[in-house]
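J.: What follows is a single structure, and I will ask about it in a moment.
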Amino acid sequence: MPKQARINGIKSYRCYTKAEAAALVGVSTRTFSNWTKDGLPLLDAYYPPLIRVNDLRSHIVAQREGRKVKTGLCELYCLPCRKSHLPAGGMADCKIDGNKVMLTALCGVCEGIVCKPISLSDLPEVRCKLDLTITQPEAAL
Ligand SMILES: [Zn+2]
């Protein structure tokens, strides 16, 4: 899994060189060069070219938002497929523990095991759409 760039250590109102900025956010200078090719603006009137902190921060945030996958209420995210799918056969196991509900099912495409936590308040709606096998801890019965 690729390492995620850090944005916590970035100080406002500063400009950094490519090497300083790469070290600051914890990525290689090669990754940083790819970011500038992807549209991270450089202040190239200076030598070495400088990067404004606000540009750097918004580039990293936009990159993270672009990677997020929206999952519908009854869809589960499958890591091997890198997409969200409905569970195979519309069936899922449902484990209730207090206010926490964990859905476990098989991916509808690759049949790998997928899990998803949902809130107890969403359970009635999920139950209408999926065939759930509900288990509760024995203390609650
Ligand atoms: Zn899958």
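J.: Could you check residue 38 against (1) at pLDDT 85 or above; (2) under 16 Å from the mean Cα position of the chain (by Cα); (3) exposed (fewer than 11 other Cβ atoms within 10 Å of the Cβ) and say which number it fails?
T.: Failed condition: (2).
J.: Restricting attention to segment 94-119, which residues are away from the ligand (no atom under 16 Å from the Cβ) and modelled with pLDDT of 90 or more? Quick ask: steps written out before the conclusion?
T.: Narrowing segment 94-119 to residues away from the ligand (no atom under 16 Å from the Cβ): 94-102, 117-119.
Answer for segment 94-119, where residues must be away from the ligand (no atom under 16 Å from the Cβ) and modelled with pLDDT of 90 or more: 94, 95, 96, 101, 102, 117, 118, 119.
J.: Can you find a residue that is basic (Lys, Arg) and under 30 Å from residue 11 (Cα atoms) anywhere in segment 82-93?
T.: No, the conditions are met nowhere in segment 82-93.
J.: Please verify whether segment 13-22 includes one or more residues that are within 30 Å of residue 137 (Cβ to Cβ) and in a loop (DSSP other than H, G, I, E, B).
T.: No.
J.: Still on this structure: How about segment 67-93: which of its residues are in contact with a helix residue (DSSP H, G or I) (Cβ under 9 Å, 6 or more places away or on another chain) and more than 16 Å from the ligand (Cβ to nearest atom)?
T.: Scanning segment 67-93 gives a single hit, 73.
J.: Would you point out the residue of segment 1-28, among those that are exposed (fewer than 13 other Cβ atoms within 10 Å of the Cβ) and either aromatic (Phe, Trp, Tyr) or within 17 Å of residue 50 (Cβ to Cβ) (or both), that is modelled with the highest pLDDT?
T.: Of everything passing the filter in segment 1-28, 19 is modelled with the highest pLDDT.
J.: Go through (1) touching a Lys or Arg at 6+ places or on another chain (Cβ under 6 Å); (2) not assigned by TED's automatic domain parsing to the domain that holds residue 127 and name the single condition residue 44 misses.
T.: Going through (1) touching a Lys or Arg at 6+ places or on another chain (Cβ under 6 Å); (2) not assigned by TED's automatic domain parsing to the domain that holds residue 127 one by one, residue 44 breaks only (1).
J.: Moving on. Is at least one residue of segment 41-52 touching a residue at least 24 places away in the same chain (Cβ under 8 Å), among the β-branched types (Val, Ile, Thr) and either within 30 Å of residue 19 (Cα to Cα) or within 11 Å of the ligand (Cβ to nearest atom) (or both)?
T.: There is at least one residue in segment 41-52 that is touching a residue at least 24 places away in the same chain (Cβ under 8 Å), among the β-branched types (Val, Ile, Thr) and either within 30 Å of residue 19 (Cα to Cα) or within 11 Å of the ligand (Cβ to nearest atom) (or both).
The values are calculated or read from the model by the stated rules, or taken from the named source; none is laboratory data. From a predicted model like this one, the values you see are computed outputs, not experimental measurements. All Cβ positions, glycine included, derive from the backbone under ideal geometry; neighbour counts span all protein chains shown.
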